[in-house]
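Down below is the structure, laid out as structure tokens.
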Amino acid sequence: MRFIDLRSDTVTFPTAEMRQAMATCPLGDDVFEDDPTTLRLEAIAAKMLGKEAALFVPSGTFSNQLALFTHANRGDEVIVDQNCHIVIHESGASSIIAGVQLFTLESDNGIWDLEKLKRVIKEQSMFTPGTRLICMENAYNGRVLPLEYMQRVHEIARSRGIPVHIDGARIFNAATFLGCDVSAIAACAETVSVCLSKGLCSPVGTVLVGSKAFVESARRKRKIMGGGMRQTGVLAACGILSLEKMSKRLKEDHENARILAEGLAEIPGLTVVENQRDINLVFFDIEDPRKDGLHEYLARKGVKTLPWEQGFRFVTHHDVTREDVLAVIGWMKEFFRVV
């Protein structure tokens, strides 16, 4: 049975071209830095994002935590958004791996009060940890942060000698929405994490980009974290296609999400969260007691959904077609008996 999987854009399968690339790519040993396909992926990623170097790692969480581990020392402070992925969805790894203190700064759906940001940056003293890193996330829970805003955050950080890290798991979605080159977003930070398996169809992997010195240090710490892999070319081959091809088709996913959101909004009692509607994510809530049976009902129709912390979330991606979107809208209306 074919399922329509709306749980996340991590559920995509490698394309036929990716599978062929996996079977035929040249291989080496990445720990010895001689896997030619992985080296090519890293060179492509660095060039696309306008950085000196890149490092292939297993996952987005691994990449973000490696960035913290490399930028900061134990006991240092890292400023993050209160609802960012590093805080909410990385299992408390920041305290375990890097041993840093996270200062969670409240935001307006990803946008900080920059005067408050300036005030909370700390110099190390007898009583306070020093701020060693500022992290942004773009896209942020379905919202794309404006380029001008990110530039201002970076200026504030640089004025205090603090690097910026971007969790860019969906940075290509953000660039698609903004209509800019992905390097323009990456220019607002010293390091960027880019997920290859979130919307870009790779089965595994993330690249962490930055300066040559940073990546050299991160490479050793990747080994410490257990990320020293061997013939990674079989995965990197997919990553190359993710960057060079799949990143250029994301507008289709955004359009399908727009159609899905508009269709769902026609259901009485269902409210789409419009300020998180920039990319391929559709967040919504339902004021109808029947909503508790929705996931089970859709499962019977062959639709996979994921209970969300607050309300509901559907995600479009490469493996969700326009016909799938229209079918889901129809089943949703049927469930709530909308005529």
Within the stretch 219-277, the count of residues that are of a type in the set (Gly, Ala, Ser), out of contact with any Asp or Glu (no Cβ under 6 Å at 6 or more places or on another chain) and farther than 17 Å from Thr176 by Cα comes to 9
query: Quick one: is Gln231 within 22 Å of the chain's Cα centre (by Cα) and either at pLDDT 95 or above or over 18 Å from Val11 (Cα atoms) (or both)?
result: no
Of the candidates Gln310, Gln276, the one satisfying the condition of being among the polar types (S, T, N, Q) and closer than 29 Å to Pro14 by Cα is Gln276
Restricting attention to the stretch 17-61, the residues that are under 24 Å from the mean Cα position of the chain (by Cα) and free of Cβ contacts under 8 Å to residues at least 12 places away in the same chain number exactly 4
The one condition Glu155 fails out of (1) of a type in the set (D, E, K, R); (2) free of Cβ contacts under 8 Å to residues at least 60 places away in the same chain; (3) surrounded by 24 or more Cβ atoms within 10 Å (Cβ to Cβ) is (3)
If we take the stretch 230-339, then helices (runs of 4 or more DSSP H) inside it with 2 or more residues that are not assigned by TED's automatic domain parsing to the domain that holds Asp30 are 250-264, 294-300, 322-335
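Residues are listed down the side, and each one gets a yes or a no for (1) among the acidic types (Asp, Glu); (2) part of a loop (DSSP other than H, G, I, E, B); (3) modelled with pLDDT of 95 or more; (4) under 19 Å from the mean Cα position of the chain (by Cα):
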position	(1), (2), (3), (4)
Leu68	no, no, yes, yes
Val87	no, no, yes, yes
Glu90	yes, yes, yes, yes
Ile96	no, no, yes, no
Thr104	no, no, yes, yes
Is the stretch 206-215 home to any residue that is touching a helix residue (DSSP H, G or I) at 6+ places or on another chain (Cβ under 6 Å), β-branched (Val, Ile, Thr) and more than 18 Å from Ala53 (Cα to Cα)?
no
Residue set Asp324, Asp285, Asp253; condition over 27 Å from Arg2 (Cβ atoms) and surrounded by 14 or more Cβ atoms within 10 Å (Cβ to Cβ); output residue Asp285
Counting only residues in the stretch 194-210 that are within 19 Å of Glu244 (Cβ to Cβ) and part of a strand (DSSP E or B), the one farthest from the chain's Cα centre (by Cα) is identified as Val209
The one condition Glu216 fails out of (1) closer than 16 Å to Ala72 by Cβ; (2) in a helix (DSSP H, G or I) is (1)
Going through the stretch 177-193 in order, the residues found to be among the small types (Gly, Ala, Ser), outside any helix (DSSP H, G or I) and in contact (Cβ under 8 Å) with a residue 24 or more places away in the chain are Ala187, Ala189, Ser193
Per the list (1) hydrophobic (A, V, I, L, M, F, W, C); (2) within 20 Å of Thr10 (Cα to Cα); (3) touching a strand residue (DSSP E or B) at 6+ places or on another chain (Cβ under 6 Å), residue check on Ile286 breaks on (2)
If we keep only residues of the stretch 12-35 that are crowded, with 17+ Cβ neighbours inside 10 Å and of a type in the set (A, V, I, L, M), then the residue farthest from Phe314 (Cα to Cα) is Leu27
Note on the stretch 120-152: residues under 30 Å from Glu274 (Cα atoms) and free of Cβ contacts under 8 Å to residues at least 40 places away in the same chain are Leu145, Pro146, Glu148, Tyr149, Met150, Gln151, Arg152
The lone condition Ile166 fails out of (1) buried (at least 24 other Cβ atoms within 10 Å of the Cβ); (2) in contact (Cβ under 8 Å) with a residue 40 or more places away in the chain is (2)
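The values are calculated or read from the model by the stated rules, or taken from the named source; none is laboratory data. Bear in mind that the values here come from a model prediction, so they are computed numbers and not experimental data. Don't worry about glycine lacking a Cβ; one is built from the backbone with ideal geometry, like all the others, and counts go over all protein chains shown.
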